[in-house]
Amino acid sequence: MEGLDNCIAEHRKNVAMGARDLNLGKADDYRIILALKSTGDLNSPGDGVFVVAVQEKPSEVRLVCNIKGGVASGLNYSGGSDRQPDSPPVLADMNGNKLYQQSFLNKGNWKLPFSWGFIGTVDPTVAKVTVSYGGVGSEAVLDHGWFVAAGTLTQQVTRNPHIKGYDKGGKLIYDSDEDKTYQQVQ
């Protein structure tokens, strides 16, 4: 929780210097769904930890923050639900790419091994989500409408993670390869 406190405190410091106040509340209002080692790259040197936290009330919020040496940076925030009435049953987080790829400055020269994470939302019909990335697949954790997956890459990839969603009977109800709105290539 200390890392999340640092993220919110960094935001308050930026607000005091004139940044827009996102009214993030306090760390106790959030549930951390992922803490992931972050690998530094040319755009953001030094290793650290990504913290991904969500809150449902008083409003839906998702935030991603990077902590290096106790200092928070790179806060990414979304308010409200990304889900629309026509959203697929599994919906990748629109800003989750910072969790599964290194910066474009490193294109062709990633630091490996690389810890990756992937987040998104699921509707109530989804009972299981699998995510494969770099040839390795795993079952995601489902957490109150969110899915969370993580792993380690030992080779650089050019395709984004491949996602599949299944209903309670085991029937495939979502495949990112069939989703015209899902970006396949990095």
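Values computed for the structure shown
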{"read-out": "Pairs of lysine residues in region 12-95 - Cα separation under 23 Å, sequence separation of 8 or more or cross-chain", "value": "5"}
{"read-out": "Ratio Rg/Rh, restricted to region 128-175 and using Cα atoms, in which Rh is the Kirkwood radius", "value": "1.00"}
{"read-out": "Heavy-atom surface of the chain, accessible at 1.4 Å and reported per residue (Å²)", "value": "53"}
{"read-out": "Cα-centred dipole magnitude for region 62-163, charges only on beta-carbon of K, R (+1) and D, E (-1), debye, nearest 20", "value": "440"}
{"read-out": "Equivalent ellipsoid semi-axes, region 18-75, via Cα gyration tensor eigenvalues times 5, rooted, Å", "value": "23, 14, 9"}
{"read-out": "Dipole magnitude of region 112-186 about its Cα centre (Cβ charges: Lys, Arg +1; Asp, Glu -1), debye to nearest 20", "value": "100"}
{"read-out": "Computed magnitude of the charge dipole of the chain (debye, nearest 20; Cβ of K, R +1, Cβ of D, E -1)", "value": "360"}
{"read-out": "Cβ-derived FRET efficiency at R0 41 Å, D177 paired with K57, nearest 0.05", "value": "0.70"}
{"read-out": "Heavy-atom accessible surface of region 1-102: percent carbon and sulfur, 1.4 Å", "value": "50"}
{"read-out": "Tail weight of P(r) past 19 Å, computed on alpha-carbon pairs of the chain, percent", "value": "60"}
{"read-out": "Residue-span extension gain [V15 to D167] - 0.36 nm each, minus C-alpha spacing", "value": "50.4 nm"}
{"read-out": "Per-residue ³J(HN,Hα) for region 81-98, Karplus 6.51 cos²θ - 1.76 cosθ + 1.60, θ = phi - 60°, Hz, x for Gly and Pro", "value": "8, 6, 6, 10, x, 9, 5, x, x, 10, 10, 5, 5, 5, 10, x, 4, 5"}
{"read-out": "Volume per residue that the Cα convex hull of region 79-186 spans, once the total is divided by residue count, Å³", "value": "104"}
{"read-out": "Whole-Å distance, taken between Cα centres, linking region 111-151 and region 9-38", "value": "24"}
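The values are calculated or read from the model by the stated rules, or taken from the named source; none is laboratory data. These numbers come from a predicted model, not from an experiment. Heads up, the Cβs are rebuilt from the backbone with ideal geometry, glycines too, and the neighbour counts pull from every protein chain shown. With ligands, DNA and RNA removed, areas are computed over all heavy atoms of the protein, side chains included. Shrake-Rupley method; radii C 1.70, N 1.55, O 1.52, S 1.80 Å.
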